[in-house]
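Notes follow once the structure below has been shown.
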Amino acid sequence: QVQLVESGGGLVQPGGSLRLSCVASGSIFSINAMGWYRQAPGKQRELVAEIDSGGSTNYADSVKGRFAISRENAKNTVYLRMNSLKREDTAVYYCSARMLLRGPSAFYDYWGQGTQVTVSS
C-alpha cells in the first residue's frame, strides 16, 4: 500500500505565506510527476502546480509568481510554498503523485486526504 500525507495547512491572513508538505510512503519503486490540486467549496478541483521527475514545473495562471513547487526525491516529498495569499486561495489542498509500486504494477495516480488552507482576516 501507499500513502500520501499532507501537512502545513491552516489559517493565514491575506498577504501571508504558508508552506505545504506532502510525504509519500509505502512500497514505492518510482515516482514520476507530483502535484498539488485544490478544491474550494462549490467549485471543481483544479490543478495548482506540478513538478516532474526532472524538476520541470507547471503552474495555474492564478498562482504564477506567488506559489512555488519543489521536491526532495530522496525523501519522497513535495512542497508548495505559497506567498501573497489571497482569500480566493482558500480551499482544501490535495497532494498527488504518479507512482510505480514495487512488484508487478503499473503507474497510477495517488491522492492524499487533503489539508485545509483558509485565508481570512
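The values are calculated or read from the model by the stated rules, or taken from the named source; none is laboratory data. These numbers were taken from a predicted model, which means no experiment stands behind them. When we count neighbours, we look across all protein chains shown, and the Cβ atoms used for this are built from the backbone with ideal geometry, even at glycine. Accessible surface areas use protein heavy atoms only, side chains included; no ligands, DNA or RNA. Shrake-Rupley method; radii C 1.70, N 1.55, O 1.52, S 1.80 Å.
Descriptive notes on the structure:
- Point-charge dipole on Cβ atoms (K/R +1, D/E -1) for the chain, about Cα centre, debye to 20: 160
- Converting the Cα gyration tensor eigenvalues of region 7-121 into ellipsoid dimensions via √(5λ) gives semi-axes, longest first, of 26, 14, 12 Å.
- Between region 66-91 and region 95-119, the alpha-carbon centres lie 16 Å apart.
- Accessible area of Arg66 (1.4 Å probe, protein heavy atoms only, ligands and nucleic acids ignored): about 30 Å².
- Ranked by the mean number of other Cβ atoms within 10 Å per residue, highest first, peptides 80-89, 107-116 order as 80-89, 107-116.
- Under 17 Å from Lys43, Cα to Cα: lysines that are on another chain or at least 8 residues apart: Lys86
- Ser25 - accessible surface, heavy atoms, 1.4 Å probe, Å² rounded to 10: 50
- Lys/Arg +1, Asp/Glu -1 at C-beta; the chain dipole; positive extreme among Ser7, Thr57, Val23: Ser7
- For the chain, the antiparallel share of DSSP beta bridges with both residues in that region comes to about 95%.
- Heavy atoms of Arg98: accessible area, 1.4 Å probe, square angstrom to 10: 110
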